[in-house]
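Before any comments, here is the structure.
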Amino acid sequence: LTREELNKVLLYAEENFARTVNSFINENLRGLRKAMGASKFAKQLLKQMKRTGTLAMCRLDNNTVLEKGLYYYQGNDFASELVYSIHRLCEPCLEHIDNNFNPLDVAQKNEFSEASAKITALISSCREKLNNNAYEDFETDLATANALNAQLAQTGSIKVSMVYLTMIQEAQNVVTYTINLMKVNRKFQMDFEI
């Protein structure tokens, strides 16, 4: 995917992750339905972008494909996983609220709201670096991602429901896939502009 396309993926991730979490915490069924619709649209858009990108890669010379092809396809995979992870986060949240199951308790809401805000800020920071093709301060994002995943791994200390476990797992995936997407894009972009 091109930088412009990856920007769209990260913008979707930033907005839809926040929308999903906030809608779930506030028991906003309409917001969750909107997030599901956005996920379905993003998955379709990704398929279209992959098709176009694969055709473009076929037209490049062999040396360029050998040098950059792996990063390109890894970037596609991480972008897909990021979109699918947010979809997998949204789906059980929507079902949970739609079926009027018990809401998260106050401690879970506070804990996850705090983590969610940090994850959204991380995605925003990565998107800004991607847009500017400036990775000088990327080590800070890597450290933030590691700290977030460690924090999310510790959340088992309070009473946990299945939906909350799913939220934690998919939030960790969102962090991991965002960082991995940035790593391969940084390698792809080095001395190479599409």
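The values are calculated or read from the model by the stated rules, or taken from the named source; none is laboratory data. Everything quoted here is computed from the prediction, not taken from an experiment. Counting neighbours? That spans all protein chains shown, and the Cβs are built from the backbone with ideal geometry, glycine included. With ligands, DNA and RNA removed, areas are computed over all heavy atoms of the protein, side chains included. Shrake-Rupley method; radii C 1.70, N 1.55, O 1.52, S 1.80 Å.
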Query raised in the report: Relative to the longest principal Cα axis of the chain, at what angle does helix 62-98 sit, 0 to 90 degrees, rounded to 10?
Result: 10
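With every protein chain left in place, what is the accessible area per residue of the stretch 1-59 in square angstrom, probe 1.4 Å?
Working: 3240 Å² over 59 residues.
Ligands and nucleic acids excluded, the figure is 55 Å² per residue.
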Query - Acute angle (nearest 10 degrees) that the helix 106-132 long axis makes with the longest principal axis of the chain, alpha-carbon atoms - result: 10
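For the stretch 1-97, run through the trypsin sites (Lys or Arg not before Pro) and keep only the ones in DSSP coil with at most 16 other Cβ atoms within 10 Å of their Cβ. Each step should come with its number before you reach the end.
Values: sites: R3, K8, R19, R30, R33, K34, K40, K43, K47, K50, R51, R59, K68, R88; in loops: R59.
Loop-located and lightly packed - R59.
Tell me, what % of the accessible area of the stretch 71-194 is carbon and sulfur with a 1.4 angstrom probe? Please report the intermediate quantities before stating the final value.
Working: 2970 of 5930 Å².
Its accessible area is 50 percent carbon and sulfur atoms.
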Requested in this report: Excluding residues fewer than 8 places away in the same chain, name every one of the aspartates and glutamates whose C-alpha is closer than 17 Å to that of K187.
Outcome: E4, E5, E67, D77, E128, E136, D137, E139, D141
Report summary line: Taking Cα atoms, the helix 138-153 axis meets the longest principal axis of the chain at an angle in degrees (rounded to 10) of 30
Report task. Starting from the Cα of K40, draw a straight line to each of the lysines and keep only those under 17 Å, dropping any in the same chain fewer than 8 residues away. Result -> K8, K50
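Which value, in Å², gives the accessible area per residue of the stretch 84-194 when a 1.4 Å probe is used on the protein heavy atoms? Could you put the intermediate results ahead of the total?
Details: 5460 Å² over 111 residues.
That works out to 49 Å² per residue.
I need to check one value: relative contact order of the chain, counting alpha carbon pairs closer than 8 Å and at least 6 residues apart, in percent.
Values: 181 pairs, mean separation 65.5, N = 194.
Averaging sequence separation for qualifying contacts and normalising by length gives 34 percent for the chain.
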Report task. Starting from the Cα of F41, step 7 Å toward the Cβ, then list every residue of the stretch 1-22 with an amide N under 12 Å from that point. Result -> 12, 16
Query raised in the report: 222 nm [θ] for the chain, helices only, -39500 (n - 2.57) per DSSP H run of 4+, per residue, to 500?
Result: -29500 deg cm²/dmol
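May I ask you to give the percent of accessible area on the stretch 1-64 that is carbon plus sulfur, with a probe radius of 1.4 Å? Don't jump to the answer; show the numbers that get you there.
Details: 1790 of 3650 Å².
Carbon and sulfur atoms account for 49 percent of the accessible area of the stretch 1-64.
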Query raised in the report: Can you pull the semi-axes for the chain, root of five times each eigenvalue of the Cα gyration tensor, sorted largest first, whole Å?
Result: 32, 18, 12
